[in-house]
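The values are calculated or read from the model by the stated rules, or taken from the named source; none is laboratory data. All of these numbers come straight from a predicted model, not from anything done at the bench. Every residue, glycine among them, receives a Cβ derived from its backbone with ideal geometry; neighbour counts consider all protein chains shown. When the accessible area is computed, the model is the full protein with side chains, heavy atoms only, and any ligands, DNA or RNA have been set aside. Shrake-Rupley method; radii C 1.70, N 1.55, O 1.52, S 1.80 Å.
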Amino acid sequence: MRAKLEHMAEELSRKAHLLRLGRLFSETVLLQLGDDEFYLTFEKGQLAEIGEGPSRKTPWRFALRTDAEALAAFWQPKPEPGFHDIFGLVKIGRARVDGDILTLVKNLRFFKEFLALGREVAA
């Protein structure tokens, strides 16, 4: 999983429109897949660091908690209904969003497009 996230970070650095969207986003986000935790630290739209957990000492602004199968379905080139969007995953009960929802909503397009970079990697 870490290799995939690192590849997504490289892809992010090549996407000028995403860097523009995320230029004001400097936060740490928790991506939890079952028992595995990844702390994604963004600095002005760039993925600066990927930390692995679990850690109770690493502060995060919001969290996306799901399972590996749901995320794999999300990363399909043409995902099925419900797996096409992070809120679709929440609606079908395969994910949960915790923390500062306002920060997520303010940066929703950036974060959703960053996660969708996994589809390009899969394709």
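Search the stretch 85-123 for residues being under 20 Å from Glu11 (Cα atoms) and not in a helix (DSSP H, G or I), and hand back the single one that is modelled with the lowest pLDDT.
Ala123
Across the stretch 17-53, what is the total count of residues that are within 21 Å of Arg96 (Cβ to Cβ) and open to solvent by 100 Å² or more (accessible area, probe 1.4 Å)?
Final tally of qualifying residues: 2.
Provide a single number: the residues in the stretch 77-123 that are among the basic types (Lys, Arg) and touching a residue at least 12 places away in the same chain (Cβ under 8 Å).
5
Name the single residue, out of those in the stretch 4-16 being within 14 Å of the chain's Cα centre (by Cα) and of a type in the set (A, V, I, L, M), that is surrounded by the most Cβ atoms within 10 Å (Cβ to Cβ).
Met8
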